[in-house]
Amino acid sequence: MELSTPGRICLFGEHQDYLGLPIIAMAISLRAKINGNKRSDNQIIIHKRDLNKTEKFSLSNLVYTKSRDYFKSGVKVCKQAGIKFSTGFECEITSDIPIGAGISSSSAIVVNWIHFLSKMADQYPKWDQKKIGELAYLSEVKEFNEPGGMMDQYTTALGNLIYLESKPHLKIKTLNPKLGSFVLGDSGEPKDTIEILKKCRDSRLSIFKKLKLKNQNSTISSIDENANLSDLNNEEVELFFATLKNRSLLKRGLIELNKEKLDHSLIGSLLYKHHQTLRDVLKVSTRKIDSMLKVSLDAGALGGKINGSGGGGCMFAYAPKNPEKVADAIKSVGGKSYIIDIDSGTKEK
């Protein structure tokens, strides 16, 4: 049995979803794969070929022994969802998705793992992609109290291009624009995803907590530039307006992406404006990523942005007409490039 799940890029709403604000994200044509079968004992054996590592544990012992112990949490969450395992299983995991680079490599693997576990259950539960995304979110974020939102798990599970609202209630809409190609650029710079997410999240949650005192009828989704900001210092005011700007860019992007005939140049421009806010105010970009974006634009890309938590990792450029030229430009400044397109969600081969 072989299952596969895509990575993802975030077009709009970067560093917004963990605040409960909407995102627009796209599954990409780089995928994680899992092959495996049941065993006759209760052992779970996972061969991570790309890392040249093997993980082993027993169905009878799901005690976490490390941070982000996702394979055990996946089994635990699936059992809590009602499925049973009489025997263990053995599998091999490989991936085309750059690791630790902001393309949701870990979420793609967790989604794939949940999908695989559903197939290994004594009775197949026939979970749809949305349910698999939900359980992956519980396994990866809730189980370890991590600072991420829901974007990664649902985008990689459902695939395609989605608009997602997490508050006040989960709302997901699949968008169907004819976007064309993007070029992903991996800087090769390591990053501390959890620390960056926590810093960006906690600083702004603190701001909105202060704002609530003098703007009692407002929420993060509804508050606007006319809010009473007297309790905020200059840095907090700048972060507040950056959050509103990114919220506005998403709304403008969503209007365009819902049109039958796209203005590709406008989409590119909105993407780059989003990047500028992430770079200049949230300060999550790097010199190398900015260089990769500059040469992409010079080579004809319509726009682009840093992708993921930032501090390293990847960027992407929107290049529906000349992706090869843009890919070469990214390579010229030391990045690794991939021409990518929209792709389907988690699936069995």
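At-a-glance table
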{"read-out": "Directionally averaged projected area (convex hull, Cα atoms, the range 2-178), nm²", "value": "10.0 nm²"}
{"read-out": "Computed FRET value (nearest 0.05) for Ser67 with Lys347, which takes r as the C-beta separation and R₀ as 41 Å", "value": "0.85"}
{"read-out": "Residue order, fewest to most surrounding Cβ atoms within 10 angstrom, among Leu3, Leu293", "value": "Leu3, Leu293"}
{"read-out": "Point-charge dipole on Cβ atoms (K/R +1, D/E -1) for the chain, about Cα centre, debye to 20", "value": "420 debye"}
{"read-out": "Gyration tensor (alpha-carbon) shape descriptor, the range 130-177, a/c threshold 1.5", "value": "prolate"}
{"read-out": "Mean Cα-pair separation over length for the chain, i.e. relative contact order, pairs under 8 Å, 6 or more apart, %", "value": "25 percent"}
{"read-out": "Test item: Cα-centred dipole of the range 28-185, Lys/Arg +1 and Asp/Glu -1 on Cβ, debye", "value": "240 debye"}
{"read-out": "Percent of C-alpha pairs per 5 Å bin, the range 1-73, short to long", "value": "3, 11, 14, 17, 17, 14, 12, 9, 2, 0"}
{"read-out": "Modelled FRET efficiency - R0 51 Å, Val237 with Thr87, Cβ distances, 0.05 increments", "value": "0.30"}
{"read-out": "Which of Pro323, Ser309, Tyr154, positive extreme of dipole for the chain (C-beta unit charges)", "value": "Tyr154"}
{"read-out": "Cα-based convex hull volume of the chain per residue, rounded to whole Å³", "value": "137 Å³"}
{"read-out": "For the range 211-224, 3J(HN,Hα) per residue [Karplus equation, 6.51 cos²θ - 1.76 cosθ + 1.60, θ = phi - 60°, Hz, x = Gly/Pro]", "value": "4, 4, 5, 10, 9, 5, 8, 9, 10, 4, 6, 9, 4, 10"}
{"read-out": "Viscosity 0.692 mPa s, 37 °C: Kirkwood-radius Stokes-Einstein D of the range 208-349 over Cα pairs, µm²/s", "value": "192 µm²/s"}
{"read-out": "Length released on extending from Ser222 to Asn37, taking residue separation times 0.36 nm less the Cα-Cα span", "value": "61.7 nm"}
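Laboratory data are not the source of any read-out in this text; all were calculated from the coordinates shown. Since the structure is predicted, the reported quantities are computational estimates derived from the model, not experimental observations. Neighbour counts run over all protein chains shown; Cβ positions are idealised from the backbone, glycine included.
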